[in-house]
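Working notes, structure below.
No lab work stands behind these numbers, since they all come straight from the coordinates. These numbers were taken from a predicted model, which means no experiment stands behind them. With ideal geometry, Cβ positions are generated from the backbone for all residues, glycine too; neighbour counts draw on all protein chains shown.
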Amino acid sequence: MFLARIEGTITATTKHATLAGCRLLVGRRIAADGGVADEPVVLLDRLGAGRGSTVLVSTDGDLVRKWIGNTAPGRLSVVGIVDRVDGESVR
Amino acid sequence: MRLGIVRGRVVLSAALDSLRGTRLLVVEPVSARSLAEGRGEGGGTPLVVADHLAPHTGQMIGFVEGREAANPYWPGEAPVDAYCALIVTGVDFPPPDPAPAADEVLP
């Protein structure tokens with residue numbers, strides 16, 4: 001799992017059938033120093049995270065399969081919206 | 001899932017049976033800056049992505065990597081580790097910080 005900052009959303013008219021109705025967020029992984037990765041990732045979301053949120057992302061593809069189906073081409077999903085992170089290295 | 005721009009296709013003269021019916025796209029991953037600028041640029045290291053959705057060259061797609069890329073072939077199997085899951089039709093992503101105006105630049 002890792003933390004990511006939500007910075008936007010995408011829409012897709014043509015997609016794998018299992019992704020119909022899924023919210024697709026664009027986020028960037030947060031590094032230990034608080035910086036964000038250069039490359040964005042698309043996250044499947046069912047918690048309603050919005051832009052500016054910090055979220056907990058799971059890389060468990062089985063979770064996605066159980067959620068939307070065995071043939072789902074997805075791995076990254078939002079499993080929590082972060083309230084705060086305590087500690088000195090990650091802000 | 002990452003985002004990428006379709007740059008071309010790969011055509012095989014021989015392949016495993018499990019790849020029959022699968023298109024192979026050459027895809028250039030998109031950086032956050034390129035995504036925000038929206039000029040159709042990528043910036044990442046190209047890779048080959050399996051596909052059943054038929055995006056055109058220049059279109060942006062979302063592609064899954066790793067073991068989950070072969071999920072669409074379930075209950076069969078395929079030697080696929082990158083798969084086109086969607087064709088992007090809209091992006092809501094903030095533009096990069098604007099360059100400072102000339103009178104804001106320190107001498």
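Each of B:VAL49, A:SER53, B:GLY21 was scored by the projection of its Cα onto the charge dipole of the protein assembly as shown, and the greatest displacement toward the positive side belongs to B:GLY21; charges sit on the C-beta of Lys, Arg, Asp and Glu. Both radii were evaluated on the Cα set of chain B; the Rg over Rh quotient, with Rh as the Kirkwood radius, amounts to 1.14. With the highest mean first, a sort of the peptides B:41-48, A:71-78 on other beta-carbon atoms found within 10 angstrom per residue produces A:71-78, B:41-48. Across q = 0.12, 0.16, 0.19, 0.23 Å⁻¹, segment A:2-81 modelled as identical point scatterers on its alpha-carbon atoms has Debye log10 I(q)/I(0) values of -0.31, -0.55, -0.77, -1.07, in the order of the q list.
With runs of 4+ DSSP H residues as the only contributors, calculate the mean residue ellipticity of chain A at 222 nm using -39,500 (n - 2.57) per run, divided by the residue total and rounded to the nearest 500.
Numbers: 1 runs with 8 residues, N = 91.
Result for chain A, helices only: -2500 deg cm²/dmol.
With contributions of -39500 (n - 2.57) from each DSSP H run of at least four residues, the per-residue ellipticity at 222 nm computed over chain B stands at -1500 deg cm²/dmol.
Dipole check for chain A: with +1 at the C-beta of Lys and Arg, -1 at the C-beta of Asp and Glu, and the Cα centre as origin, the magnitude is about 380 Debye.
Here A:CYS22, B:CYS84 are placed in order of increasing Cβ neighbour count within 10 Å, fewest first, which gives A:CYS22, B:CYS84. Listed by Cβ neighbour count within 10 Å, with the fewest neighbours leading, B:PHE93, B:PHE63, A:PHE2 appear as A:PHE2, B:PHE93, B:PHE63. At a 10 Å Cβ-Cβ cut-off, how would you order B:LEU53, B:LEU25, fewest neighbours first? Arranged by neighbour count, lowest to highest, B:LEU53, B:LEU25 become B:LEU53, B:LEU25.
For segment B:2-91, the relative contact order comes to 30 percent (Cα pairs under 8 Å, sequence separation of at least 6).
Other residues with beta-carbon under 14 Å from the beta-carbon of B:ALA54 carry, at +1 per Lys or Arg and -1 per Asp or Glu, a net charge of +2.
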